[in-house]
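Single-structure report; data block below.
The values are calculated or read from the model by the stated rules, or taken from the named source; none is laboratory data. All of these numbers come straight from a predicted model, not from anything done at the bench. In this analysis, Cβ positions are derived from the backbone assuming ideal geometry, glycine residues included, and neighbour counts consider all displayed protein chains. Protein only, heavy atoms only, side chains kept; ligands, DNA and RNA dropped before computing areas. Shrake-Rupley method; radii C 1.70, N 1.55, O 1.52, S 1.80 Å.
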Amino acid sequence: MNGCDAMAKNPAGERRLVISTDLLPGGVVRVSVADRGAGLAPDKLEKVFEPFFTTKHTGLGLGLSVCRTIITAHGGKLWAVNNPERGATFHFVLPVAGEKGISNQGSGFGFTKE
């Protein structure tokens, strides 16, 4: 819904929401949701995950905070980036069954076996 809301003011032909999945090396599944909205101010890319922070006129600011809490509790990560042309992409990664969780060391998504 956030992606659709972000594109609400776009002409109908310029609205595109792309959901993709990937199986990455090390037993990591990534889900990405990309929109063609206005994107986020660089200083808001992390702030949108704080409880009660919202960029909408009618929003509680809890959705992304709850999502990050759930994903983190399952050994994953959730983050947002601005797209080069326009809009934003939200990614989350989770370990596949039999993996413990994501290591915060290094630039990759390192996992340890259970």
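Scanning region 52-72 for residues that are at pLDDT 95 or above, open to solvent by 70 Å² or more (accessible area, probe 1.4 Å) and not polar (S, T, N, Q) yields a total of 2.
Within region 67-84, the residues that satisfy the criterion of being without any contact (Cβ under 8 Å) to a residue 40 or more places away in the chain and within 23 Å of A38 (Cα to Cα) are C67, R68, L78, W79, V81, P84. For T55, the conditions (1) outside any loop (DSSP other than H, G, I, E, B); (2) within 14 Å of G87 (Cβ to Cβ); (3) free of Cβ contacts under 8 Å to residues at least 40 places away in the same chain are fulfilled apart from (1).
For region 33-47, the set of residues classified as under 16 Å from M7 (Cβ atoms) and open to solvent by less than 70 Å² (accessible area, probe 1.4 Å) consists of V33, A34, D35, G37, G39, L40, listed by residue number. Contact map, region 1-28: first residue open to solvent by less than 60 Å² (accessible area, probe 1.4 Å), second residue of a type in the set (F, W, Y), Cβ cut-off under 7 Å, separation 6 or more or different chains; pairs are L24/F109; G26/F109; G26/F111; G27/F111; V28/F109; V28/F111. With respect to A88, is the statement that it is open to solvent by less than 60 Å² (accessible area, probe 1.4 Å), out of contact with any His (no Cβ under 9 Å at 6 or more places or on another chain) and under 23 Å from N10 (Cα atoms) true? Yes.
One residue stands out in region 1-34 among those that are among the acidic types (D, E) and farther than 19 Å from S65 by Cβ: the one that is modelled with the lowest pLDDT, namely E14.
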